[in-house]
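Everything below concerns the one structure shown next.
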Amino acid sequence: RNILSNQLQDYSLRFDHGQLWENLILSELLKTNQILKIHYWRLQSGGEVDFVVQDIQGKTFGLEVKAGKLNKPTVPRAVRHFLEKTKIKKMFILNENLKEKIKIDQGASATEVEFLQIQDFMKYLYKD
C-alpha cells in the first residue's frame, strides 16, 4: 500500500494516519481466530463506524479507530447514532492515549463505551 501510494516518508509527515491505523486493526482482526464476521456501518450522510465485529461466541461489538490523542471521552455523532439504531452492548473507541469506560443509556438498555489505547485493544483481542 505504501509503495503504491508513494508514502514512504516518516509517520509524522504523513497525512493518512487514520487509514494506517484502520488498516492495522483490520489486519489484526483478520489474523485472530476469535472473530467470525467483520462489517462496517455507514449513514447516507457519510458518518460511519469503522468496524462491527462478531466474535466466535456470537457477541457483537463496535469499533471506532481514532488516529490521535483524545482529551476527553467524547462519543462521535455517527457512533451515537449507530448505538441508538443497533442497541449494541459494547463499543470500543481506539486512540493514542485515553483509557476510560463510560455508559450510554439507551432507554431500556445501556452500552458500555470503552476508550482504549490501540496496544491495549491488541491485548484484549489476543487475550485467550
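For this structure, a couple of remarks:
- Largest first, the extents of the alpha carbon coordinates of region 46-90 on the three principal axes equal 33, 20, 19 Å.
- For region 70-128: relative contact order, % (alpha-carbon pairs under 8 angstrom, 6 or more apart): 33
- Of the labelled figures [x] 132; [y] 122; [z] 91, only one reflects volume of the Cα convex hull per residue in Å³ as derived from the coordinates, namely [x].
- Split the accessible area of region 57-128 by element, probe 1.4 Å, and carbon with sulfur accounts for 48%.
- Members of K66/K87; K31/K89; K59/K85; K37/K103 lying beyond 19 Å, as alpha-carbon distances in this model show: K66/K87; K31/K89; K37/K103
The values are calculated or read from the model by the stated rules, or taken from the named source; none is laboratory data. Since this is a predicted model, take the numbers as computed values, not measurements. Areas reflect the complete protein model, heavy atoms only, side chains present, ligands, DNA and RNA absent. Shrake-Rupley method; radii C 1.70, N 1.55, O 1.52, S 1.80 Å.
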